Amino acid sequence: MKTKLAAWIALGGTVLATVLRCVQMLFFFDYETGFVTDSGIFTALHCTVILLCALACGILCRLERTLCGTMQRERSWGCGISASMAALFLGYGAFVLLKDAYNYKMFGVSYSVEPVHILSHVPFAVLSGLFCAAALVVTFAWLRDGKLPGNIGALWAVGVLWALYYMVLTFMTYSASATMQENLFTMGGGALMLFFLLAEGKLISGVGGRKASRSVFIFGIPAVIFWLTYVLSNTVLIIFGRGYVTEMPYVIQLMMFALSVHAVMLMAALRNRELFVPSMQGVERSERKKAQ
């Protein structure tokens, strides 16, 4: 299947891009001036790998006819556990950002966010808390025995609002001071995650039809490529003491990492037909191609 090929491309591209970015940031980046010392060679390499892999995966998933179908809306342990993981990191991120705002107001210090950006992160922290609550409800819905209640899709709209505010927050606070590659990850990955969350909300509410199941893959796999590359490489940099101030706060990166894991589990469940009734027309076309 084309989705299986897309998964292998995503895995290979993520590993390669992560290694290239780690090499550049560990050995070819001047942390005093904020400039690279390799004439941008590694930047061009890992950005090209990410963009090509994301584009290839999106096209393959768009061409996969068997992804046209409807949800059975049954129990899924993988989706439930990964949704609880997303809720955990969203709740933790909300707590850290609100605590930072409190510390700045009371003592004039902040630890996770630059002081000039403290107030703009408060609405994001509130939305993160609401999204955490919605993810917990969705977690229990995924794990319950029997069909998913269709109205939980409305709760997932909180996640879409959260992603929209993330885009506004990133554009207003980080895009001006960040490098081109930082903007590629934070803005590009954020836009992909926004469309993925929108597609998932439609899918689990049963109102998205055939397009929603395909959109989960079209936007989900590229979003995973962007965010896993970014978060994994930044984790390596933090371990080696090479983090830098202007990058996206690590707690927000962890939120996106957890949502990426959830995206992987949802796509795995859909691909294994655990939750998915494919379109008979799409299956017939697929079988006809195999016969030829």
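Readers should treat all values here as calculations from the given coordinates under stated rules, not as data from a laboratory. Predicted, not measured: the structure shown is a model, and the values here were computed from it. Note that each Cβ is placed from the backbone with ideal geometry, even for glycine, and that neighbours are counted across all protein chains shown.
Among 96-109, 47-60, sorting by the average number of other beta carbon atoms lying within 10 angstrom of each residue, highest first, gives 47-60, 96-109. Each other residue within a Cβ distance under 14 Å of Ser112 adds +1 if Lys or Arg and -1 if Asp or Glu, for a net charge of -2.
Counting only other residues whose beta carbon sits under 14 Å from that of Tyr92, what net charge do I get with K and R as +1, D and E as -1?
Numbers: positive: Lys99; negative: Asp100.
It works out to a net charge of 0.
In terms of the Cα gyration tensor, with a ≥ b ≥ c the square roots of its eigenvalues, is the range 35-143 rounded because a/c is under 1.5, prolate because a/b exceeds b/c, or oblate? Write down the numbers at each step before the final one.
Numbers: a/c = 3.38, a/b = 1.17, b/c = 2.90.
It comes out oblate by the Cα gyration axes.
The Cα center of the range 223-271 and the Cα center of the range 84-163 differ in position by 16 Å.
In this simple spin-label model, placing a label point 7 Å from the Cα along the Cα-to-Cβ direction at both Val137 and Trp77 gives a separation of 2.7 nm. Under 16 Å from a label point set 7 Å out along the Cα-to-Cβ vector of Ala176, the amide N atoms of the range 115-141 belong to 115-121. Taking 29 Å as the cut-off for C-alpha to C-alpha distance, list the pairs among Lys4/Lys202; Lys4/Lys211; Lys99/Lys202 that go past it. From the list (Lys4/Lys202; Lys4/Lys211; Lys99/Lys202), the Cα-Cα distance tops 29 Å for Lys99/Lys202.
Legend: calculated FRET efficiency, Ile239 to Arg62, from the Cβ-Cβ distance at R0 = 51 Å, rounded to 0.05, equals 0.85.
To the nearest 0.05, what FRET efficiency results for Phe95 and Asp38 with a Förster distance of 35 Å applied to their C-beta separation? Could the numbers behind the result be given before it?
Details: r = 39 Å, r/R0 = 1.11.
Working from the Cβ atoms, E equals 0.35.
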